[in-house]
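Colleague: Quick one: structure below, then a few questions.
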Amino acid sequence: MNLPQNPATRRFLGLLPAWLVIGIFMVMPMMILLVFSFMESDPYGGVDPGFTIEAYRQILFDLNFDDELEFDPVYLIIIGRSILLALIAVFGCLIFGFPVAYYITRQERRVQNMLLYLVTIPFWTNLLVRTYAWILILSGDGVIEQPLKSLGIIENSLEMMYTNGAVATGLVYSYLPLMVLPIYASLEKLDFRLVEAAHDLYASRFQAFKQVIVPLAKPGIIAGCILVFVPSVGAFIAPDLLGGGKKLMLGSLIHLQFASSRNWPFGGAIAMLLLAFVMIALLWQLRSARKRMEESG
Amino acid sequence: MKKLLIAAVSSAVLSFAASGAYAAGELNFYNWTDYTPDDLLEKFQKETGIKVNLDTYDSNETLLAKLKSGATGYDLAVPSQNFLEIMVKEGLLEEANVASMPNYKYVDARFKNPTWDPEQKYSSPWQMGTTSFVIRTDLYDGDCSSLKEFFEPTGKAVGQLGVFKTPEEVMNQAHLYLGQEMCTEKNEDFKALQKLFEGQKPAVKIYSSEGTPDRIVDGTVVMSSGWNGDMFNARTKEGGTTVKYCYPKEGVVGWFDSLVIPKGAKNIEAAKKFMDFVMKPENMALVSNFASYANAIPDSAPFLNPELADAPELKVPNGIPIAFGQSCGEKYIKAVDKIWTKLLQ
């Protein structure tokens with residue numbers, strides 16, 4: 001068999017499978033959704049041909065039951081709540097994830113590998129199953145309340161389930177490994193002699209942490225924040241199972257449009273909006289990464 | 001795995017059928033998953049010599065899309081009442097003249113000539129069920145006889161109420177309670193619905209359509225939306241004896257699946273034979289025993305498993321109206337979506 005001699009052609013052929021996979025499984029579905037979001041909705045589900053920006057208009061303005069077009073903040077509230085909860089999840093993951101990552105880097109190589117392996121173990125089970133486990137932990141007759149009740153410490157239920165706190169707990173739990181791993185990766189390269197040097201120069205523990213460790217771990221922290229934020233903002237399982245569904249989140253809102261509301265274009269429009277948020281987050285990361293590169297020369 | 005195998009084999013068989021190697025005296029049956037007992041098909045083959053090939057789907061939308069695309073090769077399918085209405089309107093069904101079949105006499109008078117097939121031209125009954133609300137009678141002394149209890153709860157039920165997450169059925173219950181027409185397009189009706197649901201929300205602990213039997217049995221909620229089949233399972237579960245499925249005087253919401261013959265079916269006579277065969281009480285009982293749903297053939301009761309035959313969840317008392325969901329217009333669907341999104345914002 002004759003291999004093409006031109007290196008450009010060879011590179012193209014070598015990358016072709018990857019391009020095809022990305023094209024077919026990522027770009028194409030998104031393009032379909034984008035096209036659908038500009039079409040008319042079919043009352044039986046699906047879309048009808050015709051171009052309209054109706055779906056995007058609906059995000060901000062809607063006809064009320066007196067047939068007047070009015071500004072409608074419903075969807076902005078849902079979007080705001082989703083972003084807020086995602087930020088809480090990021091913050092929670094950072095608080096719990098950083099010490100864990102730091103602890104791991106301070107161990108012997110062999111122990112490090114073992115601990116990293118343990119961090120990834122939850123990924124071996126389905127997310128749905130793991131979230132159901134939290135129902136058993138948080139619910140009225142669950143693992144936390146039952147012993148407290150039988151010891152007589154509490155009498156009434158703590159009502160932990162079906163609250164925003166439960167959703168945040170579920171999100172932090174689900175995505176914690178995504179925070180630990182990148183922070184570990186950047187802390188692992190950290191030269192601890194720098195920390196010792198800081199102490200030699202009379203830096204307190206906090207100063208050494210703030211001015212030496214954090215700046216050097218920054219790429220990992222940013223990557224971790226992005227990795228947690230992106231799936232959290234569109235999360236569907238935790239808000240649905242642990243939040244009691246009383247407050248809609250973006251993921252549930254999109255699901256509702258494709259299922260019972262049979263408004264595919266609007267579902268597509270919200271999905272596009274969600275995609276825009278994610279892109280903004282990623283671009284921001286890209287920019288700060290480039291800035292760091294320039295700073296470090 | 002077995003189901004997958006059956007599906008694969010039957011679709012292979014179907015593609016043979018489509019390619020012209022079609023044997024006379026075979027019937028291609030397209031039904032929901034876990035809905036067709038094997039012994040029913042064997043019995044039919046023994047009695048008539050007609051072999052039934054089964055293929056399955058999991059939603060009315062899938063079935064409608066298949067029939068709309070034409071040339072399916074199916075001789076029988078089982079849509080729910082609201083989709084049956086659409087199929088009739090779109091001319092996707094063959095006439096079967098069910099009313100003149102010998103076993104039609106067994107059908108409960110309440111379900112003869114239903115609104116979705118007023119002259120019983122296209123469809124014969126398969127299985128049915130209802131949606132209402134349940135009360136844990138040991139935890140809450142609620143009033144089962146009116147939807148007021150569910151929509152305007154008082155006392156211990158406040159904060160302990162579970163409601164379905166998807167609006168269709170709850171919305172129909174609300175129409176019953178407010179005395180509105182199904183598929184109403186009146187703005188004042190929409191406003192009244194919105195007020196009703198906003199008023200109910202403070203009492204709601206959880207909006208979810210999954211796991212309702214578990215939550216009522218473990219006491220997470222004391223009152224809840226519920227499907228009759230689910231609630232039958234909840235009551236017969238350990239610790240569930242006090243789960244009471246309510247039949248409020250305003251009525252319950254119903255679904256009704258029927259056998260129909262898609263347009264272009266090759267073996268219409270055999271399909272009609274099957275329809276008539278299923279309406280016979282002992283055969284209908286086979287289906288109910290397998291699927292654990294109710295049916296529209298009262299004489300099937302002696303052939304049912306005892307726990308099914310005695311289940312109050314499966315028997316709608318006489319005098320309680322059953323409102324079957326309809327396929328509504330675009331204005332209605334949009335309004336319901338708006339009410340629901342606002343509610344959960």
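The values are calculated or read from the model by the stated rules, or taken from the named source; none is laboratory data. Since the structure is predicted, the reported quantities are computational estimates derived from the model, not experimental observations. Cβ placement follows ideal geometry from the backbone for every residue including glycine, while neighbour counts extend to all protein chains displayed. We work out accessible area using only protein heavy atoms, side chains counted, and drop any ligands, DNA or RNA first. Shrake-Rupley method; radii C 1.70, N 1.55, O 1.52, S 1.80 Å.
Colleague: Looking at A:256, A:274, A:227 in this structure, which one is more than 19 Å from the chain's Cα centre (by Cα) and under 24 Å from residue A:127 (Cα atoms)?
Modeller: A:256
Colleague: Tally up the residues in region B:314-335 that are among the aliphatic types (A, V, I, L, M) and either at the interface with chain A (Cβ under 8 Å from one of its Cβ atoms) or without any contact (Cβ under 8 Å) to a residue 24 or more places away in the chain (or both), please. I'd like the intermediate steps shown before the answer.
Modeller: Looking only at region B:314-335, we keep the residues that are among the aliphatic types (A, V, I, L, M), and these are B:314, B:316, B:320, B:322-323, B:333, B:335.
Now narrow it down to the ones that are either at the interface with chain A (Cβ under 8 Å from one of its Cβ atoms) or without any contact (Cβ under 8 Å) to a residue 24 or more places away in the chain (or both): B:333, B:335.
Qualifying residue count for the region: 2.
Colleague: If residue B:97 meets every condition in (1) more than 17 Å from the chain's Cα centre (by Cα); (2) within 14 Å of chain A (Cβ to nearest Cβ); (3) not aromatic (Phe, Trp, Tyr) apart from one, which number is that one?
Modeller: (2)
Colleague: Condition test on residue B:220, is it at pLDDT below 90, buried (at least 16 other Cβ atoms within 10 Å of the Cβ) and within 11 Å of chain A (Cβ to nearest Cβ)?
Modeller: Values: at pLDDT below 90: yes; buried (at least 16 other Cβ atoms within 10 Å of the Cβ): yes; within 11 Å of chain A (Cβ to nearest Cβ): yes.
Against the criterion (at pLDDT below 90, buried (at least 16 other Cβ atoms within 10 Å of the Cβ) and within 11 Å of chain A (Cβ to nearest Cβ)), residue B:220 qualifies.
Colleague: Only one of (1) modelled with pLDDT of 95 or more; (2) among the β-branched types (Val, Ile, Thr); (3) more than 18 Å from the chain's Cα centre (by Cα) fails for residue B:260. Which number is that?
Modeller: Residue B:260 satisfies all of (1) modelled with pLDDT of 95 or more; (2) among the β-branched types (Val, Ile, Thr); (3) more than 18 Å from the chain's Cα centre (by Cα) except (3).
Colleague: Tell me, which helices (runs of 4 or more DSSP H) wholly within region A:64-166 include 3 or more residues that are away from chain B (no Cβ under 14 Å) and of a type in the set (Ser, Thr, Tyr)?
Modeller: Output list reads A:74-105.
Colleague: So, in region A:178-190, exactly how many residues are closer than 23 Å to residue A:234 by Cβ and surrounded by fewer than 21 Cβ atoms within 10 Å (Cβ to Cβ)?
Modeller: 1
Colleague: Report every pair of residues separated by at least 6 positions or lying on different chains whose Cβ atoms are under 7 Å apart, first residue within region B:261-276 and outside any helix (DSSP H, G or I), second open to solvent by less than 30 Å² (accessible area, probe 1.4 Å) and of a type in the set (Phe, Trp, Tyr).
Modeller: Pairs found: B:262/B:74; B:265/B:74.
Colleague: Here are the criteria: (1) over 17 Å from the mean Cα position of the chain (by Cα); (2) more than 10 Å from every other protein chain (Cβ to nearest Cβ); (3) open to solvent by 10 Å² or more (accessible area, probe 1.4 Å). Tell me which single one residue A:280 does not satisfy.
Modeller: With (1) over 17 Å from the mean Cα position of the chain (by Cα); (2) more than 10 Å from every other protein chain (Cβ to nearest Cβ); (3) open to solvent by 10 Å² or more (accessible area, probe 1.4 Å) applied to residue A:280, the lone miss is (1).
Colleague: Given the conditions (1) in a helix (DSSP H, G or I); (2) within 14 Å of chain B (Cβ to nearest Cβ), report the number of the one that residue A:227 does not fulfil.
Modeller: (2)
Colleague: Okay, next question. Among the residues of region B:230-244, which ones are open to solvent by 40 Å² or more (accessible area, probe 1.4 Å), within 17 Å of residue B:306 (Cα to Cα) and either modelled with pLDDT of 85 or more or not in a loop (DSSP other than H, G, I, E, B) (or both)?
Modeller: Going residue by residue through region B:230-244, those that are open to solvent by 40 Å² or more (accessible area, probe 1.4 Å) are B:230, B:233, B:235-239, B:241, B:244.
Still in the running and within 17 Å of residue B:306 (Cα to Cα): B:233, B:235-237, B:241.
Residues satisfying the conditions are B:233, B:235, B:236, B:241.
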